[in-house]
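Here the structure comes first, spelled out in structure tokens, and everything after it is commentary.
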Amino acid sequence: MQKSWIGLSLGLLLAGCGGAQPGPTTAAGEGTATDPATTAAPSDSGEAGATAEPTGAKPPDFELETLDGGSVRLSDHLGKDVILVDFWATFCDPCMAAMPHLDELYKKYKSKGFVVLGVSIDGPDGLAQVRTEVKKLGVSFPILLDKETRVVSLYNPKTSAPYSVLIGRDGRIITKKEGYVTGDANSLDRDIEAAVSR
């Protein structure tokens, strides 16, 4: 496991955190981060195991531990909130640059039913660093820990980072975005504003 995470870290760093690097694999049955009913379902293409769902599709459900020791299940918010699932890592500079902006958007729209779920793809050995960076940035939205990479393998098989999925109040995927540059800020703001206004 440790070698896999080192490989993932180096792969994302070399690719500027946005490349198509394969994620670490886990043994069948390891961890319980995803809903078995979702992971076992075939995708539209007929391949075994659901992966990144297309725009307009219902996203796979999952439950992950939070940084503060609780847990969050996606289905607790589906069908009532607008949700941004953001995959990030402490070793990814674009991810860290995006975090303050995501926190601003969360504070701006949370009263309208907007939720940000920041899914850390740092390995189990990176928990202390995740805590340090989140505290330093003053992030107020929930930080989820995908220690076994079960959720990232469903939504983002290439393990690109940052990688975000915006889900509408109807429980369907509106947009997916890979990477982050300063110009993305206005685009994301417009997408979220449109979604919370529906």
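When you look at Asp122, is it touching a helix residue (DSSP H, G or I) at 6+ places or on another chain (Cβ under 7 Å), assigned to a helix (DSSP H, G or I) and either of a type in the set (D, E, K, R) or under 20 Å from Gly70 (Cβ atoms) (or both), yes or no? Write out each step before concluding.
Numbers: touching a helix residue (DSSP H, G or I) at 6+ places or on another chain (Cβ under 7 Å): yes; assigned to a helix (DSSP H, G or I): no; either of a type in the set (D, E, K, R) or under 20 Å from Gly70 (Cβ atoms) (or both): yes.
No, not satisfied.
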Within the stretch 77-93, take every residue that is outside any loop (DSSP other than H, G, I, E, B) and modelled with pLDDT of 95 or more and give me the one that is farthest from Val119 (Cα to Cα).
Val82
Show the residue pairs meeting these rules: Cβ distance below 7 Å; 6+ apart or different chains; first residue within the stretch 85-108 and exposed (fewer than 15 other Cβ atoms within 10 Å of the Cβ); second residue aliphatic (A, V, I, L, M).
Pro100/Leu137
For the stretch 166-187, state whether one or more residues are small (Gly, Ala, Ser) and touching a Gly at 6+ places or on another chain (Cβ under 6 Å).
yes
Where the second residue is among the aromatic types (Phe, Trp, Tyr) and not in a strand (DSSP E or B) and the first is in contact (Cβ under 8 Å) with a residue 40 or more places away in the chain and lies in the stretch 118-133, which pairs have Cβ atoms under 6 Å and are six or more apart or on separate chains?
Gly123/Trp5
Looking at the stretch 62-76 only, could you name the residues that are buried (at least 17 other Cβ atoms within 10 Å of the Cβ) and assigned to a loop (DSSP other than H, G, I, E, B)?
Leu67
Does any residue of the stretch 49-59 turn out to be surrounded by 11 or more Cβ atoms within 10 Å (Cβ to Cβ), on the phi > 0 side of the Ramachandran plot and at pLDDT below 50?
yes
Inside the stretch 167-181, can you point out the residues that are outside any loop (DSSP other than H, G, I, E, B) and at pLDDT below 90?
Lys177, Glu178
Among Ser164, Ser140, Ser187, Ser153, the single one that is modelled with pLDDT of 95 or more and either part of a loop (DSSP other than H, G, I, E, B) or over 14 Å from Thr90 (Cα atoms) (or both) is Ser140
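Would you point out which residue out of Glu193, Glu133 is surrounded by fewer than 22 Cβ atoms within 10 Å (Cβ to Cβ), modelled with pLDDT of 95 or more, more than 15 Å from the chain's Cα centre (by Cα) and outside any loop (DSSP other than H, G, I, E, B)?
Numbers: Glu193 fails: modelled with pLDDT of 95 or more.
So the residue among Glu193, Glu133 that is surrounded by fewer than 22 Cβ atoms within 10 Å (Cβ to Cβ), modelled with pLDDT of 95 or more, more than 15 Å from the chain's Cα centre (by Cα) and outside any loop (DSSP other than H, G, I, E, B) is Glu133.
The values are calculated or read from the model by the stated rules, or taken from the named source; none is laboratory data. Since we're looking at a predicted model, the values are computed, not measured. Ideal geometry is used to build each Cβ from the backbone, glycine not excepted, and the neighbour counts take in all protein chains shown.
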